[in-house]
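> Here you go, one structure.
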Amino acid sequence: MNLWGKTREELRQESVRLGFPAYRGQQLHDYMYHRGVHDFAEMQQLPRALREVLAEVHSVDFPIVVKRQLSNDGQTAKILIRYRDGALVESVLMHHHYGYSVCVSTQVGCAVGCTFCASGQNGLIRNLTAEEMLAQLYVFKLQLGIAIHSLVLMGSGEPLQNYREVVRFMHRCADPEGLQMSYRNMTLSTSGITDEIYHLAKERLPITLALSLHAPNDTIRNRIMPISRRYPLPELMRALQAYSETTRRRMTCEYILIRGVNDRPEHADELARLVKPLRCHINLIPLNENEGIPLFRPSQTVIDAFCARLQHSGIAATVRKEMGKEIQAACGQLRLRFLRQTPV
Ligand code: SAH
Ligand code: SF4
């Protein structure tokens with residue numbers, strides 16, 4: 001059995017099951033989650049007999065970091081990690097004035113296939129388990145000895161198409177015996193899986209929901225986000241309204257600015273009308289250009305004008321501070337490069 005992700009209580013029980021005292025399970029827990037030791041042979045405080053039986057019947061499947069990049073200002077680090085089956089995902093660590101935040105991947109690849117996104121280019125490979133998502137946080141925590149303050153589910157994958165594991169993961173992050181994170185410091189970003197937004201509202205988690213909106217109408221959205229054909233905007237807006245009424249949490253809408261596609265003044269006006277009832281905050285994101293995808297970011301003048309126009313209509317809008325652009329910190333870019341360079 002893979003012991004990575006097991007709780008303190010589960011490890012204590014396992015120790016007893018193997019014929020050792022419960023506190024040995026506690027020691028195993030400390031090795032795995034506090035000291036970053038994942039090889040039973042190196043757990044010197046455990047009796048040799050226990051180390052041997054553990055090695056025989058169990059493993060600790062902790063991912064390996066295969067690539068690491070640090071941004072020029074030293075505030076953003078991106079890693080590419082490989083799970084036991086060879087699946088590759090990326091995670092990003094960002095340093096903010098309030099602490100460290102991690103951008104977590106929820107799936108290997110993504111089935112949604114937005115045209116601008118590197119993660120969706122090869123479709124979905126598989127879902128990640130809650131334990132595998134947890135390992136992304138622990139890679140940073142254990143290697144750098146830091147506390148993780150917040151997390152954003154904005155790496156590769158559509159979190160609401162891996163609903164059960166994503167919710168389980170957020171619970172694990174909030175576990176008082178584990179990372180002790182606050183739900184308020186967790187943001188789930190979705191391309192808009194309407195049915196699951198209703199589900200999520202029922203969980204009543206005080207997380208922040210972020211919608212990847214990216215277009216002011218279905219004509220443009222259909223072109224860049226195929227999911228919109230399945231869940232058109234009027235239906236999606238109804239779900240979001242219900243979500244914010246149930247949870248009473250302010251949500252965020254993300255809007256990537258793409259030159260000649262969604263960046264005109266009339267798009268800003270249409271967007272303002274669309275989101276007004278949601279009372280959300282709009283994050284404008286200048287497109288991160290991808291090799292091989294013929295979409296480009298607008299000029300800074302166009303970006304600033306778009307933002308000003310929204311603000312003028314009474315919408316709380318800001319242009320997102322870019323972190324680690326030179327290390328391909330946007331969704332899936334590092335993995336795609338790596339896959340193209342290395343035959344798999
Ligand atoms: N699947 C979810 C979460 C992961 S994507 C979603 O789509 O919301 C996280 C964010 O990165 C989304 O807002 C997505 O639209 C954005 N993103 C993807 N490709 C991008 C690119 N090339 N430039 C800028 N943002 C991008
Ligand atoms: Fe999937 Fe999000 Fe990328 Fe769209 S933007 S392909 S939903 S990861």
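The values are calculated or read from the model by the stated rules, or taken from the named source; none is laboratory data. Every value quoted in this text rests on a predicted model; they were computed, and no experiment measured them. Because the Cβ atoms are built from the backbone with ideal geometry, glycine has one as well, and the counts that use them run over all protein chains shown. The accessibility values were calculated without ligands, DNA or RNA, using every heavy atom of the protein model including side chains. Shrake-Rupley method; radii C 1.70, N 1.55, O 1.52, S 1.80 Å.
> Please find, among Arg279, Arg273, Arg320, the residue that is of a type in the set (D, E, K, R), surrounded by fewer than 16 Cβ atoms within 10 Å (Cβ to Cβ), under 20 Å from Arg250 (Cα atoms) and out of contact with any strand residue (DSSP E or B) (no Cβ under 9 Å at 6 or more places or on another chain).
Just one listed residue meets the conditions, Arg273.
> Going by the conditions given, is Pro206 in contact (Cβ under 8 Å) with a residue 24 or more places away in the chain, open to solvent by less than 50 Å² (accessible area, probe 1.4 Å) and more than 15 Å from ligand 1 (Cβ to nearest atom)?
It is true that Pro206 is in contact (Cβ under 8 Å) with a residue 24 or more places away in the chain, open to solvent by less than 50 Å² (accessible area, probe 1.4 Å) and more than 15 Å from ligand 1 (Cβ to nearest atom).
> Would you pick out the residues in the stretch 110-152 that are open to solvent by less than 10 Å² (accessible area, probe 1.4 Å), within 17 Å of Leu188 (Cα to Cα) and within 12 Å of ligand 2 (Cβ to nearest atom)?
Scanning the stretch 110-152 gives a single hit, Ser119.
> So which residues in the stretch 49-83 are more than 20 Å from the chain's Cα centre (by Cα) and not acidic (Asp, Glu), if there are any at all? Lay out the reasoning, then the answer.
Just the residues of the stretch 49-83 that are more than 20 Å from the chain's Cα centre (by Cα), to begin with: 49-61, 72-74.
Residues satisfying the conditions are Ala49, Leu50, Arg51, Val53, Leu54, Ala55, Val57, His58, Ser59, Val60, Asn72, Gly74.
> While we're here: Return yes or no: is Gln107 crowded, with 22+ Cβ neighbours inside 10 Å and either within 11 Å of ligand 1 (Cβ to nearest atom) or in the same structural domain as Leu70 (by TED's automatic domain parsing) (or both)? Working first, answer last.
Working: crowded, with 22+ Cβ neighbours inside 10 Å: yes; either within 11 Å of ligand 1 (Cβ to nearest atom) or in the same structural domain as Leu70 (by TED's automatic domain parsing) (or both): yes.
In short, yes.
> Pull out all pairs, ordered by first then second residue, where Cβ-Cβ is under 7 Å, the residues are six or more apart or on different chains, the first lies in the stretch 142-166 and is free of Cβ contacts under 8 Å to residues at least 40 places away in the same chain, and the second is in a helix (DSSP H, G or I).
Filtered contacts from the stretch 142-166: Tyr163/Glu196; Tyr163/His199.
> For the stretch 34-45, what are the residues that are surrounded by fewer than 20 Cβ atoms within 10 Å (Cβ to Cβ) and assigned to a helix (DSSP H, G or I)?
Those that are surrounded by fewer than 20 Cβ atoms within 10 Å (Cβ to Cβ) and assigned to a helix (DSSP H, G or I): His34, Arg35, Ala41, Glu42.
> Look through the stretch 153-186, keep the residues that are away from ligand 2 (no atom under 16 Å from the Cβ) and small (Gly, Ala, Ser), and return whichever of them is surrounded by the fewest Cβ atoms within 10 Å (Cβ to Cβ).
Ser182
> Follow-up question, since we're still on this one. Taking the stretch 219-273 as the region of interest, how many residues are outside any helix (DSSP H, G or I) and either within 16 Å of ligand 1 (Cβ to nearest atom) or at positive phi (or both)?
So the count comes out to 17.
> Filter the stretch 122-169 for residues that are near ligand 1 (Cβ under 10 Å from one of its atoms) and more than 21 Å from His199 (Cβ to Cβ); which is nearest to the chain's Cα centre (by Cα)?
Filtering first and then ranking leaves Gly155.
> Restricting attention to the stretch 274-303, report how many residues are in a helix (DSSP H, G or I) and either closer than 25 Å to Thr187 by Cβ or not assigned by TED's automatic domain parsing to the domain that holds Arg248 (or both).
Residues in the stretch 274-303 being in a helix (DSSP H, G or I) and either closer than 25 Å to Thr187 by Cβ or not assigned by TED's automatic domain parsing to the domain that holds Arg248 (or both): 6 in total.
> Condition (residue is at pLDDT below 95 and either part of a helix (DSSP H, G or I) or polar (S, T, N, Q) (or both)) applied to the stretch 64-71: is it met by at least one residue?
Yes.
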